[in-house]
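The values are calculated or read from the model by the stated rules, or taken from the named source; none is laboratory data. In this text, all values refer to a predicted model and were calculated from it rather than measured experimentally. Note that we place each Cβ from the backbone using ideal geometry, even for glycine, and neighbour counts take in every protein chain shown.
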């Protein structure tokens with residue numbers, strides 16, 4: 001092969017590497033800028049549901065104002081910080097989460113949803129699992145008599161944590177099959193991977 005051909009192939013190779021590298025950077029940038037709008041309040045991240053609520057909020061429900069922002073490709077790390085701008089926007093507590101005043105409408109934000117991957121990861125803590133391990137996830141209180149929180153995971157599973165007092169160890173932490181509430185395991189004692197593979 002002549003030197004010119006070798007040089008030509010080398011240049012083509014370098015050009016291809018450069019194009020692939022640029023393409024990967026653009027894809028990464030695109031993925032980051034598609035991050036869901038979120039706000040950090042009282043050390044918890046609340047994610048935009050996209051739901052606009054036509055409600056009246058009284059002054060007693062107002063709990064703060066967005067005071068700083070990060071870029072839309074970042075995750076807020078400070079309280080009262082958003083990744084969607086709107087510095088100065090008020091937010092309030094709501095029975096379904098937090099509402100933020102955006103463009104003269106209240107928009108609903110909720111805590112992050114619990115996933116099976118996270119349940120699997122948390123199950124490795126065994127008997128050390130506590131109520132606090134689940135505080136950052138969206139839940140619904142369903143107990144009457146006992147303190148019980150339900151965490152929707154997906155159409156196949158949900159998680160129940162129950163006990164007398166959230167300051168004490170939970171009586172149970174159950175991963176439950178959504179189509180049959182009689183099929184469940186306590187994730188502190190049983191193998192989660194085995195349960196979900198059945």
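Residues that are at pLDDT below 95, touching a helix residue (DSSP H, G or I) at 6+ places or on another chain (Cβ under 8 Å), part of a loop (DSSP other than H, G, I, E, B) and more than 30 Å from residue 68 (Cα to Cα): does the stretch 132-143 have at least one? No - not one qualifying residue is present in the stretch 132-143. When residue 174 is tested against (1) touching a strand residue (DSSP E or B) at 6+ places or on another chain (Cβ under 7 Å); (2) assigned to a loop (DSSP other than H, G, I, E, B), just one condition goes unmet, and that condition is (2).
Considering (1) at pLDDT 90 or above; (2) within 19 Å of residue 136 (Cα to Cα); (3) not in a strand (DSSP E or B), the lone condition that residue 88 does not fulfil carries the number (2).
Of the set (1) crowded, with 18+ Cβ neighbours inside 10 Å; (2) within 27 Å of residue 52 (Cβ to Cβ); (3) out of contact with any helix residue (DSSP H, G or I) (no Cβ under 6 Å at 6 or more places or on another chain), all apply to residue 103 but (1).
Quick check: is even one residue across the stretch 87-103 out of contact with any strand residue (DSSP E or B) (no Cβ under 8 Å at 6 or more places or on another chain), over 30 Å from residue 159 (Cβ atoms) and free of Cβ contacts under 8 Å to residues at least 40 places away in the same chain? Walk me through it before giving the result.
Going through the stretch 87-103, the residues out of contact with any strand residue (DSSP E or B) (no Cβ under 8 Å at 6 or more places or on another chain) turn out to be 95, 102-103.
Okay, now just the ones that are also over 30 Å from residue 159 (Cβ atoms), so 102-103.
Those still in the list that are free of Cβ contacts under 8 Å to residues at least 40 places away in the same chain too: 102-103.
Scanning the stretch 87-103, I find at least one residue that is out of contact with any strand residue (DSSP E or B) (no Cβ under 8 Å at 6 or more places or on another chain), over 30 Å from residue 159 (Cβ atoms) and free of Cβ contacts under 8 Å to residues at least 40 places away in the same chain, so the answer is yes.
Residue by residue, here is whether (1) modelled with pLDDT of 70 or more; (2) closer than 30 Å to residue 105 by Cβ; (3) touching a strand residue (DSSP E or B) at 6+ places or on another chain (Cβ under 7 Å) holds:
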position: 6; (1), (2), (3): yes, no, no
position: 11; (1), (2), (3): no, no, no
position: 14; (1), (2), (3): yes, no, no
position: 32; (1), (2), (3): no, yes, no
position: 38; (1), (2), (3): yes, yes, yes
position: 44; (1), (2), (3): yes, yes, yes
position: 59; (1), (2), (3): yes, yes, no
position: 69; (1), (2), (3): yes, yes, yes
position: 82; (1), (2), (3): yes, yes, yes
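Quick one: would you say residue 123 is in contact with a helix residue (DSSP H, G or I) (Cβ under 7 Å, 6 or more places away or on another chain), in contact (Cβ under 8 Å) with a residue 40 or more places away in the chain, surrounded by 14 or more Cβ atoms within 10 Å (Cβ to Cβ) and in the same structural domain as residue 45 (by TED's automatic domain parsing)? Give the derivation first.
Details: in contact with a helix residue (DSSP H, G or I) (Cβ under 7 Å, 6 or more places away or on another chain): yes; in contact (Cβ under 8 Å) with a residue 40 or more places away in the chain: yes; surrounded by 14 or more Cβ atoms within 10 Å (Cβ to Cβ): yes; in the same structural domain as residue 45 (by TED's automatic domain parsing): no.
No, not satisfied.
Within the stretch 167-198, being surrounded by 13 or more Cβ atoms within 10 Å (Cβ to Cβ), over 18 Å from residue 139 (Cβ atoms) and touching a residue at least 60 places away in the same chain (Cβ under 8 Å) holds for 192, 196.
Tell me, which residue of the stretch 151-166 that is under 24 Å from the mean Cα position of the chain (by Cα) and surrounded by fewer than 18 Cβ atoms within 10 Å (Cβ to Cβ) is modelled with the lowest pLDDT?
Here the answer is 166.
Within the stretch 126-155, the residues that satisfy the criterion of being without any contact (Cβ under 8 Å) to a residue 60 or more places away in the chain and out of contact with any strand residue (DSSP E or B) (no Cβ under 7 Å at 6 or more places or on another chain) are 128, 130, 132, 133, 144, 145, 154, 155.
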